[in-house]
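To keep things clear, I will list the structure first and then write my remarks on it.
The values are calculated or read from the model by the stated rules, or taken from the named source; none is laboratory data. In this text, all values refer to a predicted model and were calculated from it rather than measured experimentally. A quick note on method: Cβ atoms are made from the backbone with ideal geometry, for glycine too, and the neighbour counts reach across all protein chains shown. With ligands, DNA and RNA removed, areas are computed over all heavy atoms of the protein, side chains included. Shrake-Rupley method; radii C 1.70, N 1.55, O 1.52, S 1.80 Å.
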Amino acid sequence: MPGSKIPSFSSASELGSAVVVDLEIAGRCQGSSTSRKRSRSQSALKSSIKNVPSPAKRIPPRRCSNAIVDSKGEIKLDLQQCCDDSNGEPLVVSSPKILREERSSDPCFQTSTWNPRDPAQIQAVKEALHVASAPYNIVCREDEQKSILDFCKVCIEQDKSGSLYVCGCPGTGKSLSVKKVKELLVLWAKEAGFQTPEVLSINCTLLTKASEIFSKVIEKFHPHLKNNSCSPLQDLQKLYSQKRQLSSGKMMMIIVDEMDYLRTKDHQVLHDLFMLSTLPYSQCILIGIANAIDLADRFLPRLESLNCKPNVVTYCAYSKDQILKIIQQRLIVLGYDIFEPIALEFCARKVAAASGDMRKALDVCRSAIEVFEAELRLATNKEELKIVRFDHMDIALSRAFKPLIVDTIQSLPQHQQIILCSVVKFFWQCKKNATTLGELNRSYSEICKDNHIPPVGMLEFTNMCRALSDQGLLNVGQSKEIKQKRVTLQIDGSDVRFALKEIRFFNNCLESFNK
């Protein structure tokens with residue numbers, strides 16, 4: 001080609017690779033006859049590659065994905081990337097268009113296309129976002145996980161017992177991290193040449209009484225003591241207080257989840273459990289998991305006085321970025337986009353600001369999928385609904401973080417709901433924050449008559465206002481004259497509107513708020 005610079009090659013193999021690449025590109029542009037020529041040229045080239053002195057011509061960058069343009073404008077070919085690592089054979093370099101066509105027909109490069117009307121795909125998304133679907137790698141808890149694992153390693157290496165207290169708010173990954181540590185510890189012990197520790201995992205919510213935990217330890221590690229006349233705790237204390245001639249040498253790992261449920265009036269069970277790891281011949285690695293951050297400080301003062309207070313690992317609430325990262329980690333394996341990025345970020349921000357509970361975030365995402373499904377069922381085929389949008393997530397978050405008072409209002413009888421609606425409407429129209437039972441009764445009666453509902457009498461109306469007062473929704477004052485009793489609203493009017501907005505009758509009554 002006139003005016004082009006000829007690249008130099010350091011070896012015959014580089015030269016041969018360039019020629020084969022050039023022949024491949026030429027073959028793509030010249031049809032089947034050229035392809036046959038290319039095949040003969042390649043076979044001849046392989047037999048005489050060492051004797052070819054002439055340089056290869058330049059390869060245009062648009063036809064070679066590995067072509068590099070240097071600062072002088074010269075085009076160079078990265079031949080190292082054009083050779084397959086497995087056998088060293090040169091690879092054919094194709095244009096981006098040809099690569100896309102080849103990959104679309106190659107099942108190895110095919111990716112799933114998101115089809116929201118496919119029940120199997122919807123189910124796969126829900127399973128990926130389920131709390132019970134534990135990911136292979138636990139992200140955003142690497143430091144805490146390492147602290148627990150290092151503690152267990154030291155106990156095994158030094159053949160000594162110890163206790164650890166893992167605490168943090170609900171949904172911060174405590175139980176999941178300890179479960180992962182258990183798996184990693186077993187693998188490490190095998191590789192390091194130590195005996196694999198025996199593991200007992202106990203969820204205290206399943207115990208009928210707190211002291212039953214000692215029976216579980218006996219059943220798992222010391223079944224020969226099961227029928228002794230002494231209590232399980234006494235058997236364990238005696239066993240770990242005297243030197244045993246026959247010992248397996250294995251450490252015993254006891255994981256106690258939901259340790260809050262072991263609290264008794266005198267906290268004796270918690271104290272005795274942690275004391276087991278301090279006895280002279282104990283081989284217990286005790287790991288307690290609970291939501292109470294200061295449990296060790298409040299309920300185990302005697303342990304601190306005996307200098308056997310457990311080590312503490314605290315799990316902080318997840319931040320917005322951490323929640324977003326965990327959700328994306330679960331969804332990336334599916335191979336397609338299900339949520340709008342802004343919808344996921346909105347969910348992460350809301351949950352992080354409220355509690356930092358990862359389980360709540362996953363539940364909200366699953367709820368948003370259900371909102372999306374409901375809209376999809378009502379949509380026609382012409383309507384494009386391909387992804388979970390911001391408004392779907394907004395509905396799911398509203399349901400998840402609905403105040404407890406909203407549930408109370410929604411469970412009230414209809415006439416009591418009408419009374420609350422009357423109070424909110426009267427205060428908004430008159431710009432007041434208090435009224436009397438007489439005025440409230442007139443407002444209530446007007447709403448009933450406008451909607452063809454028979455109003456109740458004054459006596460029954462007064463009793464319903466007292467019932468609302470007992471539930472903390474209204475405050476009814478004292479007066480000799482019933483109609484002059486002062487009435488104020490004890491809750492926010494927005495909670496009443498939110499609780500009743502999905503009921504058409506009340507939505508019509510309060511429509512002025514939406515204008």
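For this structure, a couple of remarks:
- Subset of the range 193-209 (residues that are open to solvent by less than 70 Å² (accessible area, probe 1.4 Å) and free of Cβ contacts under 8 Å to residues at least 12 places away in the same chain): G193
- Residues in the range 261-280 that are part of a helix (DSSP H, G or I) and either touching a Cys at 6+ places or on another chain (Cβ under 6 Å) or open to solvent by less than 30 Å² (accessible area, probe 1.4 Å) (or both): Y261, L262, V269, L270, H271, D272, L273, F274, L276.
- Residue list for the range 255-314, filter: of a type in the set (S, T, N, Q), more than 24 Å from I218 (Cβ to Cβ) and touching a strand residue (DSSP E or B) at 6+ places or on another chain (Cβ under 8 Å): N291, N311, T314
- Test: residue in the range 252-273 that is over 32 Å from the mean Cα position of the chain (by Cα), hydrophobic (A, V, I, L, M, F, W, C) and closer than 18 Å to P197 by Cα: no
- Filter pass, V199 being under 20 Å from H267 (Cα atoms) and either out of contact with any Asp or Glu (no Cβ under 9 Å at 6 or more places or on another chain) or in a loop (DSSP other than H, G, I, E, B) (or both): no
- Looking at R302, R330, R298, just one residue is of a type outside the set (F, W, Y) and free of Cβ contacts under 8 Å to residues at least 12 places away in the same chain, and that residue is R298.
- Cβ-Cβ contacts under 7 Å between residues 6 or more apart (or on different chains), taken from a first residue in the range 164-175 that is within 29 Å of N307 (Cα to Cα) and assigned to a strand (DSSP E or B) to a second residue that is of a type in the set (F, W, Y) and open to solvent by 10 Å² or more (accessible area, probe 1.4 Å), are listed as L164/F151.
- Residue within the range 350-357 that is assigned to a helix (DSSP H, G or I), open to solvent by 50 Å² or more (accessible area, probe 1.4 Å) and within 20 Å of P116 (Cβ to Cβ) present: no
- Qualifying residue in the range 281-292 (condition: buried (at least 21 other Cβ atoms within 10 Å of the Cβ), touching a Cys at 6+ places or on another chain (Cβ under 6 Å), in contact (Cβ under 8 Å) with a residue 60 or more places away in the chain and among the hydrophobic types (A, V, I, L, M, F, W, C)): yes
- Conditions (1) open to solvent by 10 Å² or more (accessible area, probe 1.4 Å); (2) closer than 30 Å to E370 by Cβ; (3) touching a helix residue (DSSP H, G or I) at 6+ places or on another chain (Cβ under 7 Å): number failed by W188: (2)
- The set of residues in the range 484-515 being under 19 Å from S443 (Cα atoms), assigned to a helix (DSSP H, G or I) and either at pLDDT 90 or above or in contact with a Pro (Cβ under 7 Å, 6 or more places away or on another chain) (or both) consists of Q484 alone.
- Just so you know, in the range 443-497 the residues that are farther than 29 Å from K402 by Cβ and among the basic types (K, R) include one that is least open to solvent (accessible area, probe 1.4 Å), and it is K485.
- Flag for E384 being at pLDDT below 90, of a type in the set (D, E), assigned to a helix (DSSP H, G or I) and open to solvent by 90 Å² or more (accessible area, probe 1.4 Å): no
- Conditions (1) part of a helix (DSSP H, G or I); (2) under 30 Å from E340 (Cβ atoms); number of the one not met by K425: (2)
- Within the range 210-230, being surrounded by fewer than 15 Cβ atoms within 10 Å (Cβ to Cβ) and farther than 19 Å from V256 by Cβ holds for P223, H224, K226, N227, N228, S229, C230.
- If you go through the range 391-411 and keep only what is over 16 Å from Q490 (Cα atoms) and outside any helix (DSSP H, G or I), you end up with F401, K402, S411.
- Scan of the range 358-378 for residues that are more than 24 Å from A134 (Cα to Cα) and open to solvent by 20 Å² or more (accessible area, probe 1.4 Å), ordered by number: E373, A374, E375, R377, L378
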